[in-house]
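Asker: This is the structure I want to talk about, given as structure tokens.
The values are calculated or read from the model by the stated rules, or taken from the named source; none is laboratory data. Predicted, not measured: the structure shown is a model, and the values here were computed from it. Cβ: placed from backbone, ideal geometry, glycine included. Neighbour counts: every protein chain shown. All accessible areas refer to the heavy atoms of the entire protein, side chains included, with ligands and DNA or RNA removed. Shrake-Rupley method; radii C 1.70, N 1.55, O 1.52, S 1.80 Å.
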Amino acid sequence: MANLPLITCVLLALCSLSLAANVFISIDCGSSATYKDENGIVWTGDDDYINTGESRSVQPSNSYNRVMDTMRVFRNQSKHCYTINNVKQGRILLRASFLYGNYDGKNSPPAFDLTFDSYYWAYVNNSVPTPSRYEVIYTTTKESISVCVSQYAADQFPYISALEVRSLDSDMYQGLGAYKDIYPLFTRRRIAFGTNETIRFPADPYDRQWPVDGLPMNGSIRVSGNANLESGLTTDNPPPAVLRSAVTAPTRNSTIQFNLALSTKFNSSVYINWYFSEVARLGPNETRMFSFYKDNVPLTDPFSPPYENCTQKYTSNMTLSANNTITLVPTENSTLPPLVNAMEVFILGDFPLDNGTRTQDVQGLASLQEAFRLLKNWSGDPCLPKLYNWDWVKCDGDRVTTLLLSGYGLSGPLPDFSSMTSLHTINLSNNSLSGEIPEFLGRLPNLQILNLENNRFNGTIPTSLSNKKDLILRVSGNPQLCTSNSSCKTSVASPKPNSAFTTRKNILEMVFTTIVSSIIVLHLS
């Protein structure tokens, strides 16, 4: 993507907040209760969203709050996913929270990976006594989303404490232009400067969390006021409570340098929002005017924050690291130092969002899961992100190429999964599968290996399989299956007599016997 210039977004006319309010889901992982917290947010347990894992609680000495004190822990299989349905397609904010809390008494927090839908999200290692929170903003094209935790090392059991999904307006965070719906935005930090408490719902109807996060550099000073502010002053809708507080530089000629919390080891493509609003009306001889500088080079023209309104500035797809500096520098004729109310820092995803595993393969796997309940423990995207596929499938990109279901305790007939046309290996051995071998298996165009050994299949091998060139077919251990001409020959035993004929024959024999007996009796008399 080409770098986009720093853009000023000022809406002088007040506009009303247009809330989609399509999704506002709060899941207390590991809990079965429904309750309302101190912010008026209704939390529900996670029973309807996942069917694996076990509920655990943090050690009493590590209690944080009701939401964070419970968790769901996963001790088997490599990938566990929450599935949230009935999510309207569009812009959403997704947040996952983790608090280890020494739940297992080992004082050794596990490390594992976090993914959403078909995208890698984060490496989780909560080694602090407060929750680790991960947030992403993206556009979903489906009516369901999945959030997965994946184990990649022995004894590193994944867990999760909370999940939150919030709908956003479609025009929010649109500074990426045409790329808005293609790349996810991973929240690096969000700060309400000058506040003395975290701002979230209901002050922010989208439930973005604006924490107290200290001050920028250079000894900045907190200021606040009671400006008459409405919602919806800019497209990203900063809550009025955020705009009523700010920080300023300590003196007229001082600057404000931002801590963007970026890596010192590599560059990142960033999307950054800044919000500016005067917290008090300036006097007739007072002016506040400043510019953005990057590494001591001017980045914008000078501007002044409005009173009872908001100026939003953002930069999209700028490449930065911790070695770069972003600074607010006052102009020579400014009588007041720079001021800033809030900031959001996002890291752009390295790759565009995709549609995940091919629909025809998802449908085929769904048929298998419907037929065999033991397979329903797997959810989320079967193939993606790469390296995070289900335990019993192998993939090439977004296509399933291998089914590895040997010894999974499957029983009953095979369902139709003929839509999975990229399959080249199927191993269904050592189960209790029964019925005839389906004809569609021989029509899978890329099938090279089919292992059906040690099951209970019967009937004959379909000609579509027996005639398939270069197919390695293994069917031993199916006693009732005809595997050759000799084993399929019909027995030479006499055919079973017709029941009606047998009945008539028995009646005639009885009549004949009675007549003969009568003749013998008459003769003797």
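Asker: At 7 Å along the Cα-to-beta-carbon direction for both Ser57 and Arg222, put a label point, then send me their distance in nm to one decimal.
Answerer: 3.5 nm
Asker: Here's a follow-up. Can you figure out the FRET efficiency of Ser476 with Arg189, using R₀ = 60 Å and their beta-carbon distance, to the nearest 0.05?
Answerer: According to the calculation, E is roughly 0.45.
Asker: For the Cα atoms of the chain, what angle does the longest principal axis make with the long axis of helix 499-524, in degrees from 0 to 90, nearest 10?
Answerer: For 499-524 against the chain, the angle is about 30 degrees.
Asker: Calculate, in nm to one decimal, what Asp396 and Asp48 gain on full extension: separation in residues at 0.36 nm each, minus their alpha carbon distance.
Answerer: Computed gain between Asp396 and Asp48 is 122.1 nm.
Asker: Turning to a different aspect of this structure: Between 0 and 90 degrees, rounded to the nearest ten: what's the tilt of helix 359-371 against the longest Cα principal axis of the chain?
Answerer: It works out to around 50 degrees.
Asker: Suppose every K and R has +1 on its Cβ and every D and E has -1 on its Cβ; what is the size of the dipole of region 254-386 about the Cα centre, in Debye to the nearest 20?
Answerer: 360 debye
Asker: Place +1 on the Cβ of every Lys and Arg and -1 on the Cβ of every Asp and Glu in region 188-259, take the dipole about the Cα centre, and give the residue among Ile221, Pro239, Thr195 whose Cα lies farthest towards its positive end.
Answerer: Among Ile221, Pro239, Thr195, the one farthest towards the positive end of the dipole of region 188-259 is Ile221.
Asker: Looking at Phe351, Ser432, Met71, which one has the Cα that reaches farthest to the positive end of the dipole of the chain (charges on Cβ: Lys, Arg +1; Asp, Glu -1)?
Answerer: Highest projection toward the positive end goes to Ser432.
Asker: Restricting the count to DSSP beta bridges whose residues both fall in the chain, what percent are antiparallel, rounded to a multiple of 5?
Answerer: Within the chain, antiparallel bridges account for around 85 percent of the total.
Asker: Compute the FRET efficiency between Ser484 and Phe266 as 1/(1 + (r/R0)^6), taking r as their Cβ-Cβ distance and R0 = 45 Å, and round to the nearest 0.05.
Answerer: E between Ser484 and Phe266, to the nearest 0.05, is 0.10.
Asker: Suppose every Lys and Arg Cβ carries +1 and every Asp and Glu Cβ carries -1, with no other charges. What dipole size does the chain come out with about its Cα centre, to the nearest 20 debye?
Answerer: About 1160 debye.
Asker: Given the Cα-Cα distance of Thr34 and Asn296 and 0.36 nm per residue of separation, how much length would full extension add, in nm?
Answerer: Working it through step by step, the gained length comes to 89.0 nm.
Asker: Longer than 32 Å from Cα to Cα, which of Lys394/Lys468; Lys79/Lys265; Lys79/Lys106; Lys265/Lys376; Lys36/Lys394 are they? Say none if no pair is.
Answerer: On the way: Lys394/Lys468 23 Å; Lys79/Lys265 30 Å; Lys79/Lys106 23 Å; Lys265/Lys376 42 Å; Lys36/Lys394 43 Å.
Pairs exceeding 32 Å: Lys265/Lys376; Lys36/Lys394.
Asker: Dividing the Cα convex hull volume of the chain by residue count, how many Å³ per residue is that?
Answerer: Dividing the Cα hull volume of the chain by its residues yields 242 Å³.
Asker: Leaving ligands and nucleic acids out of the surface, order Glu278, Glu332, Glu38, Glu439 by accessible area at 1.4 Å, largest first.
Answerer: Glu332, Glu38, Glu439, Glu278
Asker: I've got another one for you. Calculate, in nm to one decimal, what Glu370 and Arg456 gain on full extension: separation in residues at 0.36 nm each, minus their alpha carbon distance.
Answerer: 29.0 nm
Asker: Carbon and sulfur: what percent of the chain's accessible surface (1.4 Å probe)? Walk me through the intermediate numbers first.
Answerer: Details: 12550 of 25100 Å².
With neighbouring chains kept in place, the figure for the chain is 50 percent.
Asker: Can you give me the convex hull volume of the Cα atoms of region 293-355, divided per residue and expressed in Å³?
Answerer: Hull volume normalised by residue count: 133 Å³.
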